[in-house]
1. Which of (1) surrounded by 14 or more Cβ atoms within 10 Å (Cβ to Cβ); (2) under 32 Å from the mean Cα position of the chain (by Cα) does residue 236 not meet, given it meets every other one?
2. Consider only pairs whose beta carbons are under 8 Å apart and that are at least six residues apart or on different chains; among these, list those whose first residue lies in region 210-231 and is outside any helix (DSSP H, G or I) and whose second residue is of a type outside the set (S, T, N, Q) and buried (at least 21 other Cβ atoms within 10 Å of the Cβ).
3. Taking only pairs six or more apart or across chains, which ones have beta-carbon atoms under 7 Å, a first residue in region 352-364 that is under 13 Å from residue 376 (Cα atoms), and a second residue that is surrounded by 13 or more Cβ atoms within 10 Å (Cβ to Cβ) and of a type in the set (Gly, Ala, Ser)?
4. List every residue pair whose Cβ atoms sit under 8 Å apart, with the two residues 6 or more apart in sequence or on different chains, where the first one lies in region 334-347 and is outside the structural domain of residue 219 (by TED's automatic domain parsing) and within 15 Å of residue 183 (Cβ to Cβ) and the second, anywhere, is modelled with pLDDT of 85 or more and aromatic (Phe, Trp, Tyr).
5. From 217, 230, 210, grab the single residue that is touching a helix residue (DSSP H, G or I) at 6+ places or on another chain (Cβ under 7 Å) and modelled with pLDDT under 95.
6. What's the number of the only condition in (1) crowded, with 20+ Cβ neighbours inside 10 Å; (2) among the hydrophobic types (A, V, I, L, M, F, W, C); (3) not in a helix (DSSP H, G or I) that residue 327 fails to meet?
7. For region 369-465, which fully contained helices (runs of 4 or more DSSP H) count at least 2 residues that are assigned by TED's automatic domain parsing to the domain that holds residue 313, farther than 25 Å from residue 295 by Cβ and among the charged types (D, E, K, R)?
Amino acid sequence: MNKFRLILFSAMLLLLTMGCGISSEDVDATVEAKVEARIASMATPTPLPPTATPYVVFVTATPIVVIVTPTPTPMPTTTPTPMPTTMPTTMPTPMPTTMPTPMPTPMPTTMPTPMPTPMPTTMPTPMPTPMPTTMPTTMPTPMPTPMPTPMPTTMPTPMPTPMPTPYTPLTIADLKKRLTFVFETNPVTVSNITVYGKTTRVEERSYREEALAIFTEGYYTLTDTTPEREGWIPRIYSKEEYNALIDEKYGGNPTLKHQVLGWCCMNGLSGLELVIRGDQPLSTVILTLAHEAGHARQRVLNPDQSNYGNDTNYGALREAEAFAFAIALVRDLEISTGINVSRFPDWSSMRSYIDTWTVSLREHLNNLTDEHARGKHLLWLAALSDPTLENELKGNWILSPESLFHLHTKFIAKPAHLVDAYVSNLLESSRDKENMIRGHIESRLDKSVERKGFIKYTLDPVIIP
């Protein structure tokens with residue numbers, strides 16, 4: 001072992017000497033001296049011969065310096081160091097930092113938050129709560145309560161009045177007495193009067209019952225039923241009640257307040273209601289009830305005709321329906337009491353009115369805004385286009401209440417989609433029928449006839465077929 005260390009030391013010393021520029025002679029002398037001193041100090045039983053010294057130094061040192069020293073030193077240092085440092089530093093650092101950071105952050109935050117929260121909360125909560133709560137609570141409670149309540153309340157309210165108690169017609173004497181009161185006194189239907197006494201007070205004086213009794217009798221005679229049974233009711237309002245109604249439901253419409261006598265219809269607490277102003281004479285209220293009743297029957301029996309405005313052919317047909325029913329009703333009332341309904345006074349004012357009206361037929365032919373005049377015109381055109389009704393006009397000068405009611409019913413039965421064409425076709429024949437219409441109206445005039453009955457208050461019965 002000591003021998004090996006000596007050889008190694010000598011080789012290193014030789015390299016140092018060469019690197020520093022020492023000559024080979026100096027090296028030889030130095031090495032030789034050190035080797036000899038080292039050998040001399042070593043405890044060896046067998047001394048080396050003097051001739052062996054140079055061989056030991058040169059032969060042993062030279063190969064060890066070349067083979068051992070330069071070769072092992074560079075190899076282990078260069079190869080293992082770059083491999084573990086470069087690979088693990090470059091590859092693992094970007095991979096775990098770049099890939100896992102973007103992926104786990106958006107995915108677990110976006111997906112799990114919306115999905116798990118709505119699913120477990122929405123599904124289990126609404127399902128078990130509505131089912132056990134709604135079924136036992138809604139089924140037993142609403143079923144027994146709404147079923148028995150609406151049935152006995154809704155059905156008996158409109159039905160019990162007409163159904164259990166059939167309408168009892170007025171006697172001829174009673175009807176005549178009532179009509180005589182109308183024609184002779186014709187008071188305001190509903191008014192306020194001042195009563196003087198110990199205290200002065202204002203009371204309402206009402207003839208609603210008289211108006212409704214006369215109207216209902218004519219309605220029943222003509223239709224064999226009552227308004228209530230057909231699904232509507234007439235109401236007569238005082239001036240104060242009427243204005244309050246217009247203010248509450250129609251914003252104080254000035255036209256309804258000052259230019260309208262009544263209209264059909266309003267949905268009230270009892271169903272469809274006819275609204276009539278009571279601050280008018282009794283005759284006017286009865287005639288207005290009869291006219292608006294024609295509209296009410298159309299609203300109930302064929303509501304599709306109401307889906308169009310007044311300034312259309314539908315509006316003209318609706319007015320024809322109303323005039324036919326109104327004149328049929330008052331003629332029926334007058335016939336039952338013996339009042340003449342087929343002859344009219346032959347006065348100059350009457351002829352002037354007839355001339356003005358027949359001439360205006362041309363003006364109103366295409367004037368859609370005057371649906372009332374067009375409605376009267378349609379009645380004549382429809383009657384003259386029916387051979388049976390035309391013969392009746394020639395023989396009796398007027399149409400009977402039954403014939404007018406037939407026209408009223410025929411108009412109402414007309415399907416809405418056919419009305420426009422039907423009215424247009426009738427109006428096209430208007431000019432050929434003007435002279436015929438004038439001739440039929442003038443044939444009713446009689447100088448011996450007094451002006452009695454409803455013609456004292458309206459001339460509509462004169463110019464209606």
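The values are calculated or read from the model by the stated rules, or taken from the named source; none is laboratory data. All values reported here derive from a predicted model rather than from experimental measurement. Methodologically, a virtual Cβ is constructed for each residue, glycine included, from the backbone with ideal geometry; neighbour enumeration extends over all protein chains shown.
1. So the condition that residue 236 fails would be (2).
2. 225/219; 226/219
3. Close Cβ pairs (under 7 Å, with a partner that is surrounded by 13 or more Cβ atoms within 10 Å (Cβ to Cβ) and of a type in the set (Gly, Ala, Ser)) amount to 360/373; 361/430; 364/373.
4. 334/454
5. Numbers: 217 fails: modelled with pLDDT under 95; 210 fails: modelled with pLDDT under 95.
So the residue among 217, 230, 210 that is touching a helix residue (DSSP H, G or I) at 6+ places or on another chain (Cβ under 7 Å) and modelled with pLDDT under 95 is 230.
6. (3)
7. Values: elements: 371-384, 387-396, 401-412, 416-428, 430-442, 460-463.
By residue number, 387-396, 430-442.
Quick grid of which residues meet (1) within 34 Å of the chain's Cα centre (by Cα); (2) part of a helix (DSSP H, G or I); (3) among the aromatic types (Phe, Trp, Tyr); (4) at pLDDT 95 or above:
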residue	(1), (2), (3), (4)
252	yes, no, no, no
256	yes, yes, no, no
267	yes, no, no, no
272	yes, no, no, no
285	no, yes, no, yes
290	no, yes, no, yes
298	yes, yes, no, yes
